[in-house]
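Please read the structure below before turning to the comments.
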Amino acid sequence: NQRPNFMTMQSDEFDYDLIIVGCGVGGHGAALHARSCGLKTAVFSGKDVGGTCVNRGCVPSKALLAASGRVREMKNEHHLNSFGIKVDGNISYNREAVANHAKNLANKVKGNLEASLKGLGVELIEEFGVLVGKNEVKGGDKVYRARDIILAPGSVPFVPPGIQVDDKTVFTSDWGLKLEFVPQYAAIVGSGYIGLEFSDVYTALGAEITFIEAMPNLMPTFDREIAKLAERILIKPRGIDYRLNVFASEVIPGIPGERPVTIKMIDATTKEHVETLEVDACMVATGRAPNTKNLGLENLNIETNRGFVQVNEKMQVLNRVGGDVVPNVYCIGDANGIMMLAHAASAHGVSAVENICGRESVVDHLAVPAACFTHPEIAMVGMTEEQAKLDAEKNHYELGKSVGHFRANSKALAEAEGDGIAKVLFNKTTEKIVGVHILGIHAADLIQECSNAMAAGTTVRELSMMVHTHPTLCEVLDDAFKGAVGRTAH
């Protein structure tokens, strides 16, 4: 059932076997896999190799978190004293140097991605690709033809109505990652992954933070038990204030040193004005919107849903919600809205190429992990406990839950990082995992074992019999796996 190598059946009808529009993590991953499958491939980068993740997202934010995390650690006298370490003098940082660390890392990774594409023979076209007809993509003044097309345009920050962004005192994560200044007092609209990570950076560097959250709870998309624990560990000790169940209905930029940013808030239920807040800066972290406006979708009669391109499980584009497959066109990553994570986009790209090559592939999104890189980190895979309870009721199974504690882990205690838990949710009948949630040191690394187990269908009983290195943090999971089947870890 494998399609023959296109390199041996090239015709004058097509310039390429595959054109990929967009060169973020999804487009890059698709291109690498396409070349390994022998497809003649071109990528329209729009002069943005690496996309949001590398240039304005995952990569530079980790650099800021790493640098600010060192500042936080060096200022934490209680933590250092537990190791017998004393630091004399003030701990300071160079804001410009911290910002350059993030910028230089992004440029380095971007260069590596570009080199990998060129090294494998992918043609990199700097124009932004636009669909102009069946099998046709226009870049600049030239039209290119390909047997198959993958759309990977990514996303852009979503800014709600009423918020005026000036990229000085009111800004999204795109501008915030430049770290052009550290405000004394900032508001962050939204308490999801992006907002939490920036609160970690800003408080470590000395800023005061207030969250403005439209939902009744902080961190509304997180598992509730984890969110409450995160509030105790990441919010309250850092003096972070918050307003819940309110909309930032109007945000007016200020002038640094002269006039504050004004934020008018209304009750999310009654829509009545409840408070006006004045801050030095306001970061808008209210999610992301698909970057699909200028793709030329209308030229193939493709309708979107709130901008998201509709696809089936094989990443094939549908002409509308619940509609028909548009032949030879695929859409991956943030633009299809299924799971807006960089590594999910990469998985989509590989899956799309597999389907193009005649090998059926479907991404198991339930087994795709996610992480929030605060100090300590939060990571998860599968369903939250709230979702799992509903799923168990719907599908008539008993939900199991087992928790491992970092405070009982030798390695965590050696690092004086005993805060946090690893919670494993499982189907008691099949003993298969339905969700795992970790809050603790290096949670983002620990979650991968659980993701792999879910993808492979490994049961908690099988996991409980697997040997974990001692002493390591992964024994927190070993404790939870053993507890799931009535055993005790030593």
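The values are calculated or read from the model by the stated rules, or taken from the named source; none is laboratory data. If you're wondering where the values come from, they're calculated on a predicted model, not measured in any experiment. As a convention, Cβ positions derive from the backbone with ideal geometry for all residues, glycine included, and neighbour counts pool all protein chains shown. Ligands, DNA and RNA are stripped out before the accessible areas are found, and what is left, the full protein with its side chains, is counted by its heavy atoms. Shrake-Rupley method; radii C 1.70, N 1.55, O 1.52, S 1.80 Å.
Packing order of peptides 16-26, 181-191, highest average first: 16-26, 181-191 (average count of other Cβ atoms within 10 Å over each peptide's residues). Of the peptides 347-354, 325-332, the ranking by mean beta-carbon count within 10 Å, highest at the top, reads 347-354, 325-332.
Computed from backbone phi with θ = phi - 60° and the Karplus coefficients 6.51, -1.76 and 1.60, the 3J(HN,Hα) list for segment 326-331 is 8, x, 6, 10, 10, 9 Hz; x is used for glycine and proline.
Counted over the chain, the DSSP beta bridges are approximately 60% antiparallel.
Can you compute the charge dipole magnitude of segment 168-310 about its Cα centre, using +1 on each Lys and Arg Cβ and -1 on each Asp and Glu Cβ, nothing else charged? Give it in debye, rounded to the nearest 20.
Numbers: 14 positive and 19 negative charges, 29 e Å.
Here segment 168-310 has a charge dipole of around 140 debye.
In straight-distance terms, cross-link reach from Lys168 covers every one of the lysines whose alpha-carbon lies under 21 Å from its own, apart from those fewer than eight places away in the same chain; here that gives Lys103, Lys178, Lys264. Computing the accessible area with a 1.4 Å probe over protein heavy atoms, can you report the carbon and sulfur percentage for the chain? Whole-percent figure for carbon plus sulfur exposure: 49. Surface analysis of segment 97-209 yields an accessible area of 43 Å² per residue, using protein heavy atoms and a 1.4 Å probe.
Remark: segment 414-475 carries 42 Å² of accessible area per residue (probe radius 1.4 Å; ligands, DNA and RNA excluded). When only the Cβ of Lys, Arg, Asp and Glu is charged (+1, +1, -1, -1), the dipole of the chain relative to its Cα centre reaches about 480 debye. Could you work out how far the C-alpha centroid of segment 329-382 sits from that of segment 230-295, in angstrom? Rounded to whole Å, the Cα centres lie 29 Å apart. Pull out a ≥ b ≥ c, the square roots of the eigenvalues of the alpha-carbon gyration tensor of segment 248-295, then state rounded if a/c is under 1.5, prolate if not and a/b is larger than b/c, and oblate in the remaining case. Oblate, since a/c reaches 1.5 and b/c is not below a/b. In terms of its C-alpha gyration tensor, the chain comes out oblate, because a/c is 1.5 or above while a/b does not outweigh b/c.
The aspartates and glutamates within cross-link reach of Lys428, meaning a Cα-to-Cα straight distance under 18 Å and a gap of 8 or more places when in the same chain, are Glu385, Glu386, Asp391, Glu393, Glu398, Glu462, Asp478, Asp479. Average accessible surface for segment 320-389: 36 Å² per residue, computed with a 1.4 Å probe over protein heavy atoms with every protein chain in place.
From the square roots a ≥ b ≥ c of the eigenvalues of the alpha-carbon gyration tensor of segment 98-160, which class results: rounded (a/c under 1.5), prolate (a/b over b/c), or oblate? It is oblate, given that a/c is not under 1.5 and a/b is not larger than b/c. Calculated FRET efficiency, Lys228 and His365, Cβ-Cβ r, R0 35 Å, to nearest 0.05? Step by step, r from the Cβ atoms, then E = 0.85. Summarising the label geometry, the points placed 7 Å from Cα in the beta-carbon direction at Asn294 and Phe83 lie 4.8 nm from one another.
Using the average count of surrounding beta-carbon atoms within 10 Å as a protection proxy, the listed peptides 109-118, 373-382 rank, highest first, as 373-382, 109-118.
Rounded to whole numbers, the Karplus 3J(HN,Hα) couplings from phi for segment 131-140 are 5, 10, x, 4, 6, 10, 10, 9, x, x Hz, using 6.51 cos²θ - 1.76 cosθ + 1.60 with θ = phi - 60°, and x at Gly and Pro.
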